[in-house]
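Visitor: Please see the structure below; I have some questions.
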Amino acid sequence: MAPSKLDYYETLSVSRDASPEEIKKAFRRLAMKLHPDRNPGSREAEEQFKTVKEAFDVLYDPERRALYDRFGHAGLAGQPGASPGFDPNEIFGDLFGSIFGSAFGQTRNGRGRDLVYALELDLEQVAQGESTPLEYETMVICQDCKGSGSKPGSRPEPCMDCRGTGEIRVQQGFFTLRQSCPRCEGRGQTRKGDCRGCHGSGRIRSRRRIEVRIPPGVDEGDRIRLAGMGEAGEVGQPGGDLYVEIHIRAHPRFRREGGDLYCEIPVRYTLLALGGVMEVETLQGKDSLKVGPATPDGALLRLHGQGVPTLKNKKRGDLICRVTVEVPKRLTEDQKRLLKELESSFAAARTV
């Protein structure tokens, strides 16, 4: 791919001193939105995805990143395009149900693989909790044979070699070893004919639609385990689990820290000087904020119970408002006159 002329840091919306984890997190968020599987037929999304992937390949690799930081795109000429030590399935497994890492995707004696589904939520959804529909592609039990793998009308029979145990014993000198039965492939059963729908595997690939309950107070990176909702197992084996991984969209007004929310509120100078009550927007609606007399610029004022809950503590946190002086852009003649009189009174007081 020809080097993009776009700034790679701007492409991923990260700072130039962003850590590898921050770069990876930014890429995951963008990849989930732009991946061709989620934007079928969109040429624009496909091109944007390629650009994002190109930026990630450079910035996630320490050596290529150092060259880019020093020489720009020219420093990458002739460099390989992949990030060493990085498996792309780790990213795409999170997004689209593929499997990654040693904790996931290992088929244990035919057990179905565990899946991970990345779910993006707004802060309002996190505060309230809700039921959310999910749709993903995975291996499910074949309905033609009900998961047996056998031709309809026929039934599996116990394997004659292992007598239904799925294992045979092999004598090697003084030792007796157990190994998977080669005739039935460890299933313990044989069949007279394979199901045409699944070709004897007992599973087919299909889209699954479920609804998951998101508890109030989940945080970035939390995972919700849905037992048995992952990939169906092979004949006679249990299915894997589905892990719903939570990602929270940035809010235009509030910043979250645990159960507390933070925001900035512009306040008129007169209210900061004299004190009073003003109406502010919270995540749950409008509330009254008390401003004390002589409140300085940058002061933190707290509204109890207007934050979000946490999984450990169901009680809502607080909304912490940082007040800033609001300078009016347009003044009437009367307002100008009053401000001049106020400034004159301050000047007179300083000369006394």
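The values are calculated or read from the model by the stated rules, or taken from the named source; none is laboratory data. Computed from a predicted model, the values in this text were never measured in an experiment. We place every Cβ from the backbone using ideal geometry, glycine too, and count neighbours over all the protein chains shown. We work out accessible area using only protein heavy atoms, side chains counted, and drop any ligands, DNA or RNA first. Shrake-Rupley method; radii C 1.70, N 1.55, O 1.52, S 1.80 Å.
Visitor: Run the 1.4 Å probe and let me know the accessible area of THR282, rounded to the nearest 10 Å².
Guide: 10 Å²
Visitor: Which residue, ARG322, ARG43, ARG29, has the most motion in a Gaussian network model of the chain that connects Cα atoms within less than 10 Å?
Guide: So, out of ARG322, ARG43, ARG29, the one fluctuating most is ARG43.
Visitor: Decide, for region 154-221, between rounded, prolate and oblate: order the square roots of the alpha carbon gyration tensor eigenvalues as a ≥ b ≥ c, take rounded if a/c falls under 1.5, and otherwise choose prolate if a/b is larger than b/c, else oblate.
Guide: Oblate, since a/c reaches 1.5 and b/c is not below a/b.
Visitor: If I model a spin label as a point 7 Å beyond the Cα along the Cα-Cβ vector, how far apart are those points for ARG225 and GLU120 in nm?
Guide: Taking the simple label geometry, ARG225 and GLU120 are separated by 2.8 nm.
Visitor: Now for a separate question. Within the set of other residues whose C-beta is less than 10 Å from the C-beta of MET139, count the net charge using Lys and Arg as +1 and Asp and Glu as -1.
Guide: Taking every other residue near MET139 into account, the sum is +1.
Visitor: I've got another one for you. Round to the nearest 0.05 the FRET efficiency obtained for SER13 and ASP194 when R0 = 56 Å and r is the Cβ-Cβ distance.
Guide: That pair, SER13 with ASP194, gives E of 0.65.
Visitor: If I compute solvent accessible area with a 1.4 Å probe over the protein chains, what percent of it on the chain is carbon and sulfur?
Guide: That share works out to 50 percent.
Visitor: Using a 10 Å cut-off on Cβ atoms, rank the peptides 284-294, 213-223 from the highest mean neighbour count down.
Guide: Sorting 284-294, 213-223 by mean packing, highest first, produces 213-223, 284-294.
Visitor: Test of understanding: in a Gaussian network model of the chain with alpha carbons linked when under 10 Å, which of LEU311, LEU121, LEU338 would top the mean-square fluctuation ranking?
Guide: Comparing LEU311, LEU121, LEU338 in a Gaussian network model of the chain, the most mobile one is LEU338.
Visitor: Given a cut-off of 29 Å, name the pairs among LYS25/LYS286; LYS25/LYS329; LYS290/LYS329; LYS286/LYS329; LYS286/LYS312 whose C-alpha atoms lie farther apart than that in the structure shown.
Guide: LYS25/LYS286; LYS25/LYS329
Visitor: Rounded, prolate or oblate: pick one for the chain, where a ≥ b ≥ c are the square roots of the eigenvalues of its C-alpha gyration tensor, a/c under 1.5 means rounded, and failing that, prolate if a/b is larger than b/c, else oblate.
Guide: Since a/c reaches 1.5 and a/b is larger than b/c, the shape of the chain is classed as prolate.
Visitor: Let me ask something else. Just check region 238-343 against the gyration tensor rule for me: Cα atoms, a ≥ b ≥ c as the square roots of the eigenvalues, rounded for a/c under 1.5, and otherwise prolate or oblate depending on whether a/b exceeds b/c.
Guide: Verdict is prolate for region 238-343.
Visitor: Give me the percent of DSSP beta bridges within the chain that run antiparallel, rounded to the nearest 5.
Guide: Around 70 percent of the beta bridges assigned by DSSP in the chain are antiparallel ones.
Visitor: What does the helix-only formula give at 222 nm for the chain: each DSSP H stretch with n ≥ 4 adding -39500 (n - 2.57), the total divided by the residues, and the result rounded to the nearest 500 deg cm²/dmol?
Guide: About -7500 deg cm²/dmol.
Visitor: Residues of region 235-272 with amide nitrogen under 15 Å from the 7 Å Cα-to-Cβ point of ARG302?
Guide: Answer for region 235-272: 257-263.
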